[in-house]
Each structure stands twice: as C-alpha cells, then as structure tokens.
Amino acid sequence: MYAQLRETADELAGILWREHTVYRERGGGVVIRGEHVRRWISLAPTGGKDRALLRAGRILDGGTTAPARTEVVVDLTAGTAELAAVCRSLLADVAAVAEPAPGPSRAGRPGERERPGRSARAARPGRRPRRERHTGPGSWFVLLCVAGVFGVWLYSLFGGYPY
C-alpha cells in the first residue's frame, strides 16, 4: 500500500507545486509539503482497498505542521487529475480558514505582533467567571485540619507528660 501511496503522492506533488517535499510519516502514510505556500497534504491508508484518507493543513512558523483542517476519503483508482482537483479544494478550504477574520485589531504595544485567530480568553459556558481570590473556604478548611492534626501530634509528643 505504501508504494501505491508514494507513487500517487509523487504524481500529485508534481501537479500541485513546483517546490515540494515528499516523505513517509509514522503511520505508513505519505506527506507532501509545500513550504513556499505553507501548506501540507497527507495520504494515509484507510484499511480499504485502493482508498486513502486525504488530509490538508497549514505549516506554521518554524516549520511545524498544524493539525489537519480538512480531510476526505478518496479512491486511488481515480485519475491523478481528479485527485489533484480534490487536493486543490481541500487546500482552498485550508487557506480560507487560515485567513484572519476581518474585525477590529487590538491596539498592541510597540514591537508586539498580533497573533491571528487569537482573542481574549472567553469564559466557558455554564461556569462562573474566576474570582481574583485564590484561597477559598475549602482550602482554609483543609489548612485548619492540617494545623489541628499537627497540634494534636505536638500535644501527644510533649503535652501529655509532666516534666
């Protein structure tokens, strides 16, 4: 299966990008990296005959890969042109998701870069917002119990015997 995936990946890479790297991943699949477009495509075996899981994602700053944004199961017996069309649509979806949403940008300090896709941390639904006080009543109760046990131990050690 790996030989078929590798052959298909080499053909797809030649059609999709002039500059690319094709390598094997741990799970037995094949990855095509397009560094100049900051995207990757993966072909992985699905267990079915002549079928593969096609995934696409972004390449982050520093060269690490982001998790797959889109995936689809494809038939490897289809022609290379059909597979390339599926790859292009997945890559278009990845590019659309990767673009930062238009909106008010935060006023940053000098020299501070804005990170796309990140916003202020929103509260989880159904939970109260966190208070600034860190030591709650339960923590105080535990501290008092520990102090009490320590006091009883000291009393049994020194207080029970008259000197």
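The values are calculated or read from the model by the stated rules, or taken from the named source; none is laboratory data. Everything numeric in this text was worked out from a predicted model, so none of it was measured. Please note: Cβ atoms are built from the backbone with ideal geometry, for glycine as well, and neighbour counts cover all protein chains shown. Just so you know, the surface numbers come from the protein's heavy atoms only, side chains and all, with ligands and any DNA or RNA stripped out. Shrake-Rupley method; radii C 1.70, N 1.55, O 1.52, S 1.80 Å.
Side notes on the structure shown:
- Subset of the stretch 1-43 that is open to solvent by 50 Å² or more (accessible area, probe 1.4 Å) and β-branched (Val, Ile, Thr) - its residue that is nearest to the chain's Cα centre (by Cα): 37
- Candidate set: the stretch 92-115, residues that are of a type in the set (Asp, Glu) and at pLDDT 50 or above; chosen: the one surrounded by the fewest Cβ atoms within 10 Å (Cβ to Cβ): 99
- In the stretch 64-91, the qualifying residues are those that are without any contact (Cβ under 8 Å) to a residue 24 or more places away in the chain and within 14 Å of the chain's Cα centre (by Cα), and the one that is least open to solvent (accessible area, probe 1.4 Å) is 66.
- Test for residue 147: is it at pLDDT 60 or above and under 30 Å from residue 3 (Cβ atoms): no
- Candidate set: the stretch 44-63, residues that are within 14 Å of residue 95 (Cβ to Cβ) and out of contact with any Asp or Glu (no Cβ under 8 Å at 6 or more places or on another chain); chosen: the one least open to solvent (accessible area, probe 1.4 Å): 57
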